[in-house]
Amino acid sequence: MPGMGDPLPPLTWAAGFTEWTFVPIATAAVLVLAVLYGWGVQRSVRRPGRNWPWLRTLSFAAGLFVIVVATQSSIGVYEHDLFWIHMVQHLLLIMVAPAFLVAGRPLILTLHTASPPVHRRVKRILRSRPVSVLTNPALCVVLYTAVVVLTHLTHIMVTIMASPLAHGVEELVFLMVGYLYFLPIFGDEPIRWRLSYPMKIIMLVAAMPVDTFTGLTLIQTNPPLFGMSMTATDIHNGGAVMWIAGDFIMFAAMLLVFAVWASRDSGRVARRGWLEQVRTATFEERFAGRGAARSASGGPSRTDLDNDDEQLAAYNDWLADLDRGGSRSSPGS
């Protein structure tokens, strides 16, 4: 990495992989989160009858890795020199990293590892009115929209680009707002809100226009943008990143929700099919004699027992036999 005040080399593929910077606060935060999550996983798997899916751990680790890449790789190095790189960082921090962190289910892990008193206290906090208001899906969409617009289409961006402290606050806000936004979509945490799969897709669709609007506005903007020294090409490239990449990430999230929805439905059908086979086999075994009797008397054959009305009639006949004091074993025995 060049020294402080030294000009940056042109951004090439080689520089993209070799230019790194060190951000102590971000590094410390990532390490703390990684240690706490790993400690929670260890405590969870050591408890009898408890298991923690490795995909959740991998997802949370991926979220932390994205934070490191967004803040300390060449993206963090060139973020103040190239506006389109700045936009790449924003998408990673408000969309990609939060989605992975939410999928890691850190709140459920906290409940798994907590003692009973702490478990009850944490769950009470998560179901409290302030947290319920903060995690309201409609409010989360509003927060996402406001943050994207205010940090890209107002003079707030001037302060952010000029002040390292303001930029650090912006990065934290992006992560928090992104986490709240994706919490009801990819999370299964013990909060008040539970969205159906169609509502999750609607929530994703509702936030897509803000990325499109912001991107197209930047594409149509001519420099200087709020007095900043940026070329028209750089600004337009940044707008294209926000528009195309932002909508692509949202569309990928929709496809993922669709895939999970379809797999859950197919799983239910498979389980229902298995139970239905057991039920039908038991029913036919129990009422085989009654079905044969009905067939011999000119009534429906045994195969007609697939008809709900015939099944109900046979079942009612059996109940009538029981009521008359008949055998309590199956009528066909």
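The values are calculated or read from the model by the stated rules, or taken from the named source; none is laboratory data. Being a predicted model, the structure only gives us computed values, none of them experimental. In case anyone asks, the SASA skips ligands and DNA or RNA and just uses the protein heavy atoms, side chains included. Shrake-Rupley method; radii C 1.70, N 1.55, O 1.52, S 1.80 Å.
When H167, H155, H80, H119 are compared by accessible surface with a 1.4 Å probe, the order from highest to lowest is H155, H80, H119, H167. Note that region 146-160 has calculated 3J(HN,Hα) couplings of 4, 5, 4, 5, 5, 8, 10, 10, 10, 5, 4, 4, 4, 4, 5 Hz, one per residue in order, obtained from phi through the Karplus relation 6.51 cos²θ - 1.76 cosθ + 1.60 (θ = phi - 60°); glycine and proline are x. Along its three principal directions, the equivalent ellipsoid of region 48-93 from the Cα gyration tensor extends over semi-axes of 33, 8, 5 Å, largest first.
Values of log10 I(q)/I(0) for region 102-167 across q = 0.16, 0.19, 0.25, 0.28 Å⁻¹ run -0.76, -0.84, -1.01, -1.11, by the Debye formula with one identical scatterer at each alpha carbon and no solvent. Average projection, convex hull of the Cα set of region 161-255: 7.3 square nanometres. In order along region 180-193, the phi-based Karplus estimate (6.51 cos²θ - 1.76 cosθ + 1.60, θ = phi - 60°) of 3J(HN,Hα) comes to 4, 5, 7, 4, x, 8, 10, x, 10, 7, x, 9, 5, 8 Hz; Gly and Pro are listed as x.
With all protein chains kept in place, the per residue accessible area of region 13-64 amounts to 70 square angstrom at a probe of 1.4 angstrom. Each listed q (0.10, 0.17 Å⁻¹) maps to a log10 I(q)/I(0) for region 32-141 from the Debye sum over equal C-alpha point scatterers, namely -0.40, -0.93. Remark: region 115-123, residue by residue, has Karplus-estimated 3J(HN,Hα) of 5, x, x, 5, 4, 5, 5, 5, 5 Hz, where x stands for each Gly or Pro and the curve is 6.51 cos²θ - 1.76 cosθ + 1.60 at θ = phi - 60°.
Restricting everything to alpha-carbon atoms, can you work out Rg to Rh for region 142-199 with a Kirkwood hydrodynamic radius?
So for region 142-199, dividing Rg by the Kirkwood Rh gives 1.12.
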